[in-house]
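To start, the structure itself, in structure tokens.
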Amino acid sequence: MPGDFVWRDAGRLVVFRHGALAAAPELLAAHGIAEFELVSTPRARAAAPDLATAAAAVHDVPPGQVPDLAADLLGESGVLVALGGGRVIDTAKAVASVTGATVVAVPTTLSGAEMTAIHRLPAGAESRVRGMVRPALVLADPEAMTGQPEGQLRASAMNALAHGADSLYTPLSNPASEQLALRGAAEIAAALDQDREGRDRAALALGSLLCGYAIDSAGFGLHHVVCQTLVRICGTPHAETNATILPHALEFLANQTPADFAPLAESLNTDLSALPQRIRTLAGHPPGLQALGADPSKLDQAIQAILQRPELTQAPTPPSKQELTELLRAAW
């Protein structure tokens, strides 16, 4: 089980600590943060009442798209403590990209948002963006990050694993990002192979952080372009969409450049030919896009939008419209 540690990385500090959620007010004070506003959800706040009490103001983030959610909070500056999953943390980052606020992330899922400067921008304020924002301080509590119900947890873990997988082949991929991606994937797989009662939750959380670092360094390509677009246009849930698409995306990518993905298969304790099935098993055999509520009338729109995304060129050979259509039909 990974022990507690502090990770200094340029302008970012990651505090990986068991019990960090309960100790969050004290940890903030110890790092010079005396006043802050909390960005969260009612569910997340219920697990951290002392943090909500210590906040100068509390802003709940409802369901919705990050650009709209961030636009509603553009008056907030200073220090924003984002307690929650990827939607909450990305909303705080988007606000800070315009207002210059400092973001502290306290993740409650394996979204990886706490480790990246990847986020959408506030609607209507794109011209005012100062730059993409990466949280300056991350309070990573393994128990808080892995407390979701089993199905949701496995979906969130596949999103995390996909961060590592998508970073292996981009033009910005480098030895550091590759090694962190492979180590992170191995930690995630080993943890998910255990029964929930005996699972090494710290290893699962650590794997998410490492894979998040990898994609922040190397960028993303096919898998995340497809998933982000499906979520936005077809209305499917984020983590579950990643879990559903990942086996199909990896099969396509591994057929293109097997040398990039043989190390990933080895990290997951399998071989390249069995990689898609290994992912399905780790994901808990996710349902297809139809079962996730994808709107079939918007599938063609999603395909066109995917093909227009510049990040798609990060793939060794970007898929044709026919190949992309076949991939999504296989995932339907």
**Message:** Is it the case, given these coordinates, that Ser297 is in the same structural domain as Leu182 (by TED's automatic domain parsing) and modelled with pLDDT of 95 or more?
**Reply:** no
**Message:** Tell me which helices (runs of 4 or more DSSP H) are completely within the stretch 118-202 and hold 2 or more residues being of a type in the set (Asp, Glu), or say none if there are none.
**Reply:** 150-166, 175-192
**In the stretch 300-326, residue modelled with the highest pLDDT [restricted to those that are crowded, with 20+ Cβ neighbours inside 10 Å and closer than 20 Å to Phe261 by Cβ]** = Leu324
**Item:** Checklist (1) without any contact (Cβ under 8 Å) to a residue 40 or more places away in the chain; (2) under 21 Å from the mean Cα position of the chain (by Cα) applied to Ser77, failing item
**Value:** (2)
**Message:** I'd like to check something: does the stretch 218-226 contain any residue that is hydrophobic (A, V, I, L, M, F, W, C) and closer than 25 Å to Ala144 by Cα?
**Reply:** no
**Prompt:** Just a yes or no: is a residue in the stretch 207-224 in the same structural domain as Gly293 (by TED's automatic domain parsing), farther than 18 Å from Met115 by Cα and not aromatic (Phe, Trp, Tyr)?
**Reply:** yes
**Item:** Given (1) in a loop (DSSP other than H, G, I, E, B); (2) touching an Asp or Glu at 6+ places or on another chain (Cβ under 8 Å), index of the condition Ala214 fails
**Value:** (1)
**Fill in**
The helices (runs of 4 or more DSSP H) lying wholly within the stretch 1-99 that contain at least 3 residues that are crowded, with 24+ Cβ neighbours inside 10 Å are 66-71, 86-99
**Met115, sole failed condition from (1) surrounded by fewer than 24 Cβ atoms within 10 Å (Cβ to Cβ); (2) in contact with a Cys (Cβ under 9 Å, 6 or more places away or on another chain)** = (1)
**Message:** I'd like to verify a number: residues in the stretch 248-282 that are within 19 Å of Thr317 (Cβ to Cβ) and either aliphatic (A, V, I, L, M) or surrounded by 23 or more Cβ atoms within 10 Å (Cβ to Cβ) (or both), how many?
**Reply:** 9
**Prompt:** Taking the stated definitions as given, is Ala144 in contact (Cβ under 8 Å) with a residue 40 or more places away in the chain, buried (at least 24 other Cβ atoms within 10 Å of the Cβ) and over 22 Å from Ala117 (Cβ atoms)?
**Reply:** yes
**Prompt:** Taking the condition within 20 Å of the chain's Cα centre (by Cα) and in a helix (DSSP H, G or I), does Gln228 pass?
**Reply:** yes
**Asked** Any residue at all in the stretch 264-285 that is under 19 Å from the mean Cα position of the chain (by Cα) and of a type in the set (D, E, K, R)?
**Response** yes
**Fill in**
Exception for Leu307 within (1) under 15 Å from Asp166 (Cα atoms); (2) in contact with a helix residue (DSSP H, G or I) (Cβ under 8 Å, 6 or more places away or on another chain); (3) not aromatic (Phe, Trp, Tyr) falls at (1)
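The values are calculated or read from the model by the stated rules, or taken from the named source; none is laboratory data. If you're wondering where the values come from, they're calculated on a predicted model, not measured in any experiment. Neighbour counts are summed over all protein chains in view; Cβ atoms, including those assigned to glycine, are modelled from backbone coordinates with ideal geometry.
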